[in-house]
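Trainee: Mind having a look at this structure? Questions to follow.
The values are calculated or read from the model by the stated rules, or taken from the named source; none is laboratory data. All values derive from a computational prediction rather than experimental measurement. Cβ sites come from the backbone with ideal geometry, for glycine too, and all protein chains shown count toward neighbours.
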């Protein structure tokens with residue numbers, strides 16, 4: 001299968017330039033510079049980078065933001081009719097992965113009202129908000145209480161506070177094991193697993209060691225008549241085909257698989273695409 005590419009389309013976000021292991025981005029009206037290990041090439045327009053409001057520099061495991069202009073602690077951005085809070089963190093994140101808008105668009109075109117959706121490693125809820133916007137019945141699970149709270153805020157900010165979303169602070173593996181015992185069934189499972197992480201009680205997660213088992217467990221709570229499994233894998237050194245094969249092993253009953261390289265496309269004249277990872281979408 002030839003690997004497809006998709007780049008997210010925004011009005012409130014731009015990848016202005018990239019290169020020399022950095023990226024220059026616009027979130028709303030704020031320009032920021034962040035490290036980008038995939039940007040092995042030279043910058044297209046080095047002079048443009050002097051306009052940045054925020055520049056992130058790493059010191060050890062964490063880092064710090066240097067502010068060159070008056071920047072609020074948080075601000076809002078929109079994608080289509082959804083709204084999200086942006087808050088730069090000490091781990092260089094902003095609370096949003098812009099390339100995931102490709103998946104939000106996919107979810108909004110494939111989910112049906114009332115379908116039960118489980119979003120694992122749900123972070124600040126981009127996919128959960130997108131699913132709720134088409135009246136899916138969403139369960140959002142993440143091990144971090146602060147990001148789950150952030151997700152609730154994004155749902156409210158998007159004017160969807162009355163939608164059916166259940167917010168769970170828990171380890172993904174432990175939660176799925178409980179759902180198996182409860183005999184709960186979902187029409188769609190979405191997941192965005194990290195390379196490495198820890199649950200709320202110190203549970204260790206390592207992508208290559210734990211994802212195959214989690215996928216097998218998720219297969220037990222998926223509706224076999226019709227459904228969807230969507231698995232994100234950021235640029236961890238694993239080719240898309242390896243992730244696709246893991247998914248195919250877990251859900252051999254799926255009828256269709258597509259593996260897509262998610263990118264961000266520069267708005268510079270050269271228009272380079274920055275690879276951000278792959279997503280495997282299985283449907284039946």
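Trainee: Please work out if residue 118 is modelled with pLDDT of 95 or more, in contact with a strand residue (DSSP E or B) (Cβ under 7 Å, 6 or more places away or on another chain) and over 27 Å from residue 24 (Cα atoms).
Mentor: yes
Trainee: Please give the strands (runs of 3 or more DSSP E) falling wholly within segment 168-271 in which 2 or more residues are crowded, with 18+ Cβ neighbours inside 10 Å and at pLDDT 95 or above.
Mentor: Correct list: 188-191, 228-234, 256-265.
Trainee: If you go through segment 27-34 one residue at a time, do you hit one that is modelled with pLDDT of 95 or more and farther than 30 Å from residue 132 by Cβ?
Mentor: yes
Trainee: Taking residue 8 as the residue in question, decide whether it is modelled with pLDDT under 95 and either in contact with a helix residue (DSSP H, G or I) (Cβ under 9 Å, 6 or more places away or on another chain) or surrounded by fewer than 13 Cβ atoms within 10 Å (Cβ to Cβ) (or both).
Mentor: yes
Trainee: In the set 134, 148, 138, which member is assigned by TED's automatic domain parsing to the domain that holds residue 279, part of a strand (DSSP E or B) and over 20 Å from residue 233 (Cα atoms)?
Mentor: 138
Trainee: Going through segment 50-73 one residue at a time, which ones are within 16 Å of residue 25 (Cα to Cα) and either surrounded by fewer than 21 Cβ atoms within 10 Å (Cβ to Cβ) or outside the structural domain of residue 14 (by TED's automatic domain parsing) (or both)?
Mentor: Correct list: 50, 51, 53, 54, 55, 57, 65, 66, 67, 68, 69, 71.
Trainee: Is it true that some residue in segment 248-263 is closer than 24 Å to residue 144 by Cβ and either assigned by TED's automatic domain parsing to the domain that holds residue 115 or in contact with a strand residue (DSSP E or B) (Cβ under 7 Å, 6 or more places away or on another chain) (or both)?
Mentor: Among the residues of segment 248-263, at least one is closer than 24 Å to residue 144 by Cβ and either assigned by TED's automatic domain parsing to the domain that holds residue 115 or in contact with a strand residue (DSSP E or B) (Cβ under 7 Å, 6 or more places away or on another chain) (or both), which makes the answer yes.
Trainee: Would you mind telling me which numbered condition in (1) surrounded by fewer than 23 Cβ atoms within 10 Å (Cβ to Cβ); (2) in contact with a helix residue (DSSP H, G or I) (Cβ under 9 Å, 6 or more places away or on another chain); (3) without any contact (Cβ under 8 Å) to a residue 60 or more places away in the chain; (4) within 25 Å of residue 204 (Cβ to Cβ) residue 146 fails?
Mentor: Every listed condition holds for residue 146 apart from (2).
Trainee: On the basis of being at positive phi, touching a residue at least 12 places away in the same chain (Cβ under 8 Å) and crowded, with 22+ Cβ neighbours inside 10 Å, does residue 125 make the cut?
Mentor: Yes, satisfied.
Trainee: Next up: In segment 24-43, which residues are more than 20 Å from residue 89 (Cα to Cα) and either surrounded by 18 or more Cβ atoms within 10 Å (Cβ to Cβ) or in contact with a helix residue (DSSP H, G or I) (Cβ under 8 Å, 6 or more places away or on another chain) (or both)?
Mentor: 39, 43
Trainee: Just checking, which of 161, 95 is touching a helix residue (DSSP H, G or I) at 6+ places or on another chain (Cβ under 8 Å), surrounded by fewer than 21 Cβ atoms within 10 Å (Cβ to Cβ), without any contact (Cβ under 8 Å) to a residue 60 or more places away in the chain and farther than 24 Å from residue 218 by Cα?
Mentor: On inspection, the qualifying residue turns out to be 161.
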